[in-house]
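Read through the structure below, which is laid out as structure tokens, and then see the notes.
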Amino acid sequence: MVKIPYYNSYGDGFQDDYQSSSPAPEEDAASDVTEGQDKDNQMYEGEYQGIPPPDEIKEARRADRREARMKARLAAVGKKQTLADQYDSIMEECGHGRFQWTLFTTLGLSLMADGVECFVVAFALPSAEKDMCLSNASKGMLGLIVYVGMMVGAVLWGGLADKLGRRRCLLYALTINCTFSFLSSFAKSYGFFLFFRLCSGVGIGGSIPIVYTFYAEFLQADKRGEHLSWLCLFWMVGGLYASFTGWGIIPHYGWGISMGTEGHFHSWRVFVLVCFLPSAAALVGLYFIPESPRFLLESARHDEAWMILRQVHDTNWRAKGEPERVFQVSQIKIPHTQEDEFIEIQSETGTAFQRCMVRQMTLAKLVIKNLMSLASPELRLNSLFIAIVWFTMAFGYYGLSVWFPDQVKYMEYEENESNVKTFHHERVERFNFNFTLQNQIHREGEYIHDSFISIEMRKVKFEDSLFEYCYFEDIHSTDTFFEKCTLQNTIFYNTDLWHDSKFIDCKFENVTFHHPKRGCHLNFQEENDILIYIVSFLGCLAVIPGNIVAGLMMDKIGRIKIIGVSMLVSAGCTFSLFLCFSPASVISFECLFFATCASAWNGIEVITVELYPASKRATAFGVLNGLCKLAAIISTSVFSEFVGVTKIIPILLSCSAMVGGGLMSFQLPETRDVVLQ
């Protein structure tokens, strides 16, 4: 038997028992066997004694270390698998009942708040842009800023939820959303309103990643796919809530609140205020919901997890009329590989600020490390495939979500333009205009000693016309302009027709403006066409059948087929838009598109929860949801540029994205029968 030599503490060589019984070789002596040979071909001096060379010894030691690490890794995986199986068995023993339905309602309100957030700015914007005098650039930024906030919030809160807890982070996120959503309704300037909506978006961005992760960890395997799909209904309810309240509040100017000389709290601000209620209700309900026991076990908090699981068990069986049933679990395995990740700092070390900064930096490093682990060899391919599916689905869905109502409005605009009346070289003298002027163009006209009193002007344009000795009083105008006109000896009293905004390249001779209505003035009937609410309302309503189909079929045919088939059918609906030439046909295909997309979204969200282990689940969901919002920002910016220009590019872009994502989804593993890790 050959003994492996060991190096002494100084690294001067090696020795073993065999060598110690042999005489020491003479210094500078050469072996007879090796004498006369080249230096490169010389035999290792101890080889004839059966002693391996140092290089082989090092390699053997490295192999031993690799084998030990592999055994430790396999042991850790085995323990994790044991915990996952045991946890699933415990959830089966706890049953599905009152506790899960209470949690379902509370988390559903959080999801509803996310749905409201996606619609609130779009509905309030037509009025807000007039109230705050927004340019087209400012209006576009306001429309995108919510998605920017939600993108940041999804990544931030998803990462923190895996380290601080699902319930705790959701409380923080909803608190931020409620606070800044409430403040935004009182913001007078564009800058403050933009900032408040950004912060509100950061808060609500954590809703989707945490809600699905949180709820999935309270469900047994055979209930998971179906009930996560039912949870998606709340997002649709949020859209319906925003559409219904917007329709009922914004067009009613009288629902605003007079603030005296400070201005008017317009009805669109009342709408923004009402839209924070679902988030506030979810925040209140969340105080009565415990932390996820799966997270507590990952954090080695065994006793807390056991108490919560017993609470789930007792709540469910008591509601079913079996209060005598006893929770049979006495001990739960925990992952022994869990390390104490947070640095404990003694109170006498540094200042309180320094201790706080060290803790925050440590937390940030842990979150980043967890985020980078999504690209580990065992998760890399699945992360890439699911990321492509998320991005393509969001690109097609959000792009067309913006394109549909804008396209319908453009079609109506074209129809109105075809009904515009044009007057040439008319001469009107000593006439009293006391009726509404609408959809009219007056070219090279002459108006002498005429009066315009207490009327509305909607989409009226005067070109190269003469106004002499005219009188305007109590005029309310929308899209009304005077271009290259000459005004002489004319008086404007208490009108919103004033020099800086309504007159383009005009000449003024002895013209006076008394008590002008400066600022941006609202015409709620004009600026809030009821059609925009109907389109959004019907789109949200169409999601219901898609959710029902997904919920019923999720555990029967599997997640992959739901995603792939739904995305390919959505692509077909998109391509059919080439056949739409009227607002009614566009709305019909919009409803069909949203219904099929709802099924795809359900499958994507369920499989995302099931692909990742508990320690990375919320982080992965947050990153993917952030990628979704990035796709929404890109697609809405691109698609809106083609409204009124061409519908070919938006349709082809959306169709291509849906087909690509649908085909890519078939590369993902089926997780229908997989235990939640």
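The values are calculated or read from the model by the stated rules, or taken from the named source; none is laboratory data. Source: prediction; values computed, not measured. No Cβ is skipped: glycine too gets one built from the backbone with ideal geometry, and neighbour counts run over all protein chains shown.
For the reader, a short list of remarks on this structure follows.
- Segment 388-406 - residue that is farther than 11 Å from MET567 by Cβ and of a type in the set (A, V, I, L, M) and, of those, modelled with the lowest pLDDT: VAL402
- Any chance VAL569 is under 16 Å from ALA394 (Cα atoms) and crowded, with 24+ Cβ neighbours inside 10 Å: no
So that you can scan it fast, the table gives a plain yes or no per residue for (1) closer than 20 Å to ASN494 by Cα; (2) under 50 Å from the mean Cα position of the chain (by Cα):
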residue	(1), (2)
MET411	no, yes
ASP450	yes, no
GLU456	yes, yes
VAL460	yes, yes
ASP464	no, no
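- Meets criteria (more than 27 Å from LEU297 (Cα to Cα) and at pLDDT below 90) for ILE145: yes
- Within segment 580-677, helices (runs of 4 or more DSSP H) holding 2 or more residues that are without any contact (Cβ under 8 Å) to a residue 40 or more places away in the chain: 583-611, 648-665
- In segment 179-191, the count of residues that are surrounded by fewer than 20 Cβ atoms within 10 Å (Cβ to Cβ), assigned by TED's automatic domain parsing to the domain that holds VAL270, among the aliphatic types (A, V, I, L, M) and more than 16 Å from the chain's Cα centre (by Cα) is one or more.
- Long-range neighbours under 8 Å by Cβ, at least six apart or interchain, first residue more than 15 Å from GLU463 (Cβ to Cβ) within segment 419-447, second of a type in the set (S, T, N, Q) and in a strand (DSSP E or B): ASN419/ASN439; PHE431/SER451; ASN432/SER451; PHE433/SER451
- Which numbered condition SER373 fails, given (1) at pLDDT 85 or above; (2) under 30 Å from ALA618 (Cβ atoms); (3) surrounded by 14 or more Cβ atoms within 10 Å (Cβ to Cβ): (1)
Residues checked against (1) crowded, with 21+ Cβ neighbours inside 10 Å; (2) within 21 Å of the chain's Cα centre (by Cα):
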{"site": "THR102", "(1), (2)": "no, no"}
{"site": "ALA113", "(1), (2)": "yes, yes"}
{"site": "VAL116", "(1), (2)": "yes, yes"}
{"site": "VAL120", "(1), (2)": "yes, yes"}
{"site": "PHE123", "(1), (2)": "yes, yes"}
{"site": "MET141", "(1), (2)": "no, yes"}
{"site": "LEU144", "(1), (2)": "no, yes"}
{"site": "GLY149", "(1), (2)": "yes, yes"}
